Amino acid sequence: MSKIDWTQKYKKKVVNASQAIKKIKRGARIFLGTGCGVPYHLVQELAKHAGQMADNEIVHLLTLGDTPSADPKFQNQFRHNTFFVSANIREAVSEGRADYTPIMLSDIPDLFRQKRMPLDVALIQISPPDRNGYSSLGISVDITKSASESADLVIAQVNEKMPITHGDSFIDVRDIDYLVPYNEPLREFEAAEIDDTIDKIGRYVARLVENESTLELGIGALPQSVCNNLLDTGVQNLGIHTEMFSDSLIPLIEQGVVTNKKKNLHRGKVIASFAMGSEKLYNYIDDNPMFQFHDTAYVNDPYVIGQNNKMIAINSALEVDLTGQVCADSIGHSFYSGIGGQVDFIRGAKRSNGGKAIICMLSTAMDGKVSRIVPRLSEGAGVVTTRGDVDVVITEYGLAILHGKTIRERVLSLIAIAHPKFRNELLETAKKMHYVFEDQVPFLVQGTYFASEYEIQETFKTADGPIEVEFRLIRPDDTDRIKELFYDLSEESIYFRFLTPLKSLRRQTLQDFYNVDQSSDISVVAVVRGGEDGETERIIGAGRYLLNRSTNEAEFALLIQDEYQDKGIGTFLLNHLMRIAKSKGVGAFIAYVHPQNQPMIRFIHKTGKVVESKLSIQDEEYIFRLKL
């Protein structure tokens, strides 16, 4: 129906903005619609009528751009109460002119519906009513739906620019008190540019996404980076269940990466509560049945989220301490953002079959002056997500797997992904806290332990079936896995590797496995995965070389668990080490082998690389020189 039709049909409700705002009483609690769906025209009019207001509380989740009612000159008329501290309200909160209510997004609708936070007025924005008298809340269903159902007085800006969205997004015009016709462009959100550091984090996240996973995305540079990288991984049939999304989702759908066809909840549908992006996005979702919008009581319900298989929750942090506690809403005593949906989605992912709860952040803040991985959270910083909730923490230096890990393992994993200049400082503090052994060796690596150029996967065909093996750099948190490898070796393998009949592995010997300086030396492990979720790593082999800078030759050694020997794994590992060494300009490999270690001697000769071999009578060992 045309604009004239609905304005005539509901003409008793149709007023201009000034008339509508004058209906608001002093002392009233006023709800504002969310994000890019905020009724901007009504917001501006509210500020113009500040003179008739007094002690009015303005409640909202997230506002963008100019918010005149937050101006200090209006502090006697308006006081904001926000569930998420966005940039345009942050100064008012920090100066005590506005309030912050920490609460999980899934809980807010019931806060309104159960009158624990009774609303006097709701200012919302809707699409024009259809022939049945229903308007869509469009891109902002979130907590706006419950607010419009709960407020005593509902004032709606009717905007032809508001998309019609499917799902639980409709409101009966009969439940609206005043309709204010006013067309204006919706607020648009443009994510920050993706720099190399953000792109690295996005690549690490994308590596964790399997076929048929369901994603929580969010908005900003990091989700954009994740989406960009997913286009290059070959992953298929992804689904979306997220509180919000932006333009970054469109290429994934258009290129067939996101199909939603394998979801076991709302198959074929993108489930969200609000969207923030460009006009292109708003046009894309307009009357598009692939998208269903619901309020956050449903979308953010951990029980609902957990019904999605392989649910991947991707969230951010301001600080993470060495035990895995996550601060995401404050910098010390200063509130910076909010709890939002982080806990909802992390706990939902934990309930999901094959789910992953991921926390992402830059390794440093303040232009690299401070580490975001800290021994203890800053004074006043709040724990948004507990140390028991997080599966993975990611920085531009790699991935720290925390789920099911001891404090010692967590500390080593988190330090390994901290900025290199802070690693040993963190380690020394961890020693004082007795989180790690007092003789824990310093971190030598100045880059990442997750260098992709050293990572490779290979399938080995055996009589018992194929074996998938991953080869990667060794890390400090591999200590216990190396220990398990040692105790799985036969006495003969132990003797030939260490040239002594060891009954136990000293911690110093254990640390020597991974305490390498990657600028000259390399240590690689062979890993197989097990467990129902395929996330349990087991090290079945290790190889390393140590460079003699004076000769430009490197001593190498290999160790393969007995049951995995004679399957080609050792040969592949040696060739992998050789490729790495050759790329670094190393001239030759040197191996020292016990004369009775005939399997190793045959193995070395089969490489075809031996240019020199001799028996050292004094040391009772063969010396092999292999040209690279």
Original post:
Which is more than 31 Å from the chain's Cα centre (by Cα), part of a loop (DSSP other than H, G, I, E, B) and not assigned by TED's automatic domain parsing to the domain that holds residue 272, of 51, 96?
Top reply: 96
**OP:** Within the stretch 367-422, track down each residue that is touching an Asp or Glu at 6+ places or on another chain (Cβ under 6 Å) and within 26 Å of residue 439 (Cα to Cα).
**Re:** 372, 374, 376, 377, 403, 409, 412, 413
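Does residue 483 count as in a loop (DSSP other than H, G, I, E, B), out of contact with any strand residue (DSSP E or B) (no Cβ under 6 Å at 6 or more places or on another chain) and among the basic types (Lys, Arg)?
On the way: in a loop (DSSP other than H, G, I, E, B): no; out of contact with any strand residue (DSSP E or B) (no Cβ under 6 Å at 6 or more places or on another chain): yes; among the basic types (Lys, Arg): yes.
In short, no.
Is there a residue being within 21 Å of residue 41 (Cβ to Cβ) and not β-branched (Val, Ile, Thr) anywhere in the stretch 189-203?
Yes; the residues of the stretch 189-203 include at least one that is within 21 Å of residue 41 (Cβ to Cβ) and not β-branched (Val, Ile, Thr).
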Original post:
Which condition breaks for residue 360 when tested against (1) crowded, with 17+ Cβ neighbours inside 10 Å; (2) at pLDDT below 95?
Top reply: (2)
Original post:
Here is a list of conditions, (1) surrounded by fewer than 23 Cβ atoms within 10 Å (Cβ to Cβ); (2) farther than 21 Å from residue 21 by Cα, and residue 74 meets all of them except one; can you say which number that is?
Top reply: (2)
Original post:
Mind checking whether some residue in the stretch 271-289 is crowded, with 20+ Cβ neighbours inside 10 Å, among the hydrophobic types (A, V, I, L, M, F, W, C), within 21 Å of residue 171 (Cβ to Cβ) and touching a Pro at 6+ places or on another chain (Cβ under 6 Å)?
Top reply: yes
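Step by step: first the residues of the stretch 286-319, then only those that are in a helix (DSSP H, G or I) and out of contact with any His (no Cβ under 9 Å at 6 or more places or on another chain), then the one that is farthest from residue 236 (Cα to Cα). Which residue is that?
297
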Subject >> Residue match in the stretch 208-226 (condition: at positive phi and in contact with a Gly (Cβ under 9 Å, 6 or more places away or on another chain)) >> reply: yes
Original post:
Based on what the data block shows, is residue 390 within 24 Å of residue 422 (Cα to Cα), of a type outside the set (Asp, Glu) and at pLDDT below 95?
Top reply: yes
**OP:** Could you please let me know if residue 30 is assigned to a strand (DSSP E or B), touching a helix residue (DSSP H, G or I) at 6+ places or on another chain (Cβ under 8 Å), surrounded by 14 or more Cβ atoms within 10 Å (Cβ to Cβ) and in contact (Cβ under 8 Å) with a residue 40 or more places away in the chain?
**Re:** yes
Original post:
Could you say which residue among 511, 518 is closer than 30 Å to residue 392 by Cβ, assigned to a loop (DSSP other than H, G, I, E, B) and not aliphatic (A, V, I, L, M)?
Top reply: 518
Original post:
So which residues in the stretch 210-242 are in a loop (DSSP other than H, G, I, E, B) and either of a type outside the set (S, T, N, Q) or touching a Cys at 6+ places or on another chain (Cβ under 9 Å) (or both)?
Top reply: 210, 212, 216, 217, 218, 219, 220, 231, 232, 234, 235
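So that you can scan it fast, the table gives a plain yes or no per residue for (1) modelled with pLDDT under 95; (2) more than 24 Å from residue 459 (Cβ to Cβ); (3) more than 45 Å from the chain's Cα centre (by Cα); (4) of a type in the set (Lys, Arg):
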{"position": "569", "(1), (2), (3), (4)": "yes, no, no, no"}
{"position": "598", "(1), (2), (3), (4)": "yes, yes, yes, no"}
{"position": "608", "(1), (2), (3), (4)": "yes, no, yes, no"}
{"position": "621", "(1), (2), (3), (4)": "yes, yes, yes, no"}
Subject >> Index of the failed condition, residue 237 passing every other in (1) in contact (Cβ under 8 Å) with a residue 40 or more places away in the chain; (2) more than 18 Å from the chain's Cα centre (by Cα) >> reply: (1)
Subject >> Selection from the stretch 176-218 of residues that are hydrophobic (A, V, I, L, M, F, W, C) and under 12 Å from the mean Cα position of the chain (by Cα) >> reply: 198, 201, 205, 206, 208, 209, 215, 217
Original post:
Name the pairs: first residue in the stretch 68-87 and outside the structural domain of residue 384 (by TED's automatic domain parsing), second residue at pLDDT below 90 and in a strand (DSSP E or B), Cβ to Cβ under 6 Å, at least 6 apart or on different chains?
Top reply: none
**OP:** Starting from the stretch 185-210, take each residue that is in contact (Cβ under 8 Å) with a residue 24 or more places away in the chain and list its partners that are basic (Lys, Arg), counting only C-beta distances under 7 angstrom and pairs at least six apart or across chains.
**Re:** 185/161; 186/161; 208/356; 210/310
Original post:
Filter the stretch 243-285 for residues that are more than 22 Å from the chain's Cα centre (by Cα) and not in a loop (DSSP other than H, G, I, E, B); which is nearest to residue 184 (Cα to Cα)?
Top reply: 279
Original post:
In the set 415, 467, which member is farther than 22 Å from residue 402 by Cα and either modelled with pLDDT of 95 or more or among the aliphatic types (A, V, I, L, M) (or both)?
Top reply: 467
Original post:
Within the group 410, 387, which residue is among the basic types (Lys, Arg) and crowded, with 22+ Cβ neighbours inside 10 Å?
Top reply: 410
Original post:
Among 52, 19, which is the only one that is modelled with pLDDT under 95, more than 30 Å from residue 336 (Cβ to Cβ) and of a type outside the set (A, V, I, L, M, F, W, C)?
Top reply: 52
Subject >> Restricting the stretch 259-268 to residues that are closer than 20 Å to residue 294 by Cα and in contact (Cβ under 8 Å) with a residue 40 or more places away in the chain, the residue that is surrounded by the most Cβ atoms within 10 Å (Cβ to Cβ) >> reply: 263
**OP:** Taking residue 579 as the residue in question, decide whether it is in a helix (DSSP H, G or I), surrounded by fewer than 17 Cβ atoms within 10 Å (Cβ to Cβ) and of a type outside the set (Gly, Ala, Ser).
**Re:** yes
**OP:** Would you confirm whether any residue within the stretch 459-471 is surrounded by 12 or more Cβ atoms within 10 Å (Cβ to Cβ) and within 17 Å of residue 517 (Cβ to Cβ)?
**Re:** no
Subject >> Qualifying position, being at pLDDT 95 or above and in the same structural domain as residue 377 (by TED's automatic domain parsing), among 275, 349 >> reply: 349
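The values are calculated or read from the model by the stated rules, or taken from the named source; none is laboratory data. Quantities reported herein were computed from a predicted structural model and do not represent experimental measurements. Virtual Cβ from ideal backbone geometry, glycine too; neighbours counted across all protein chains shown.
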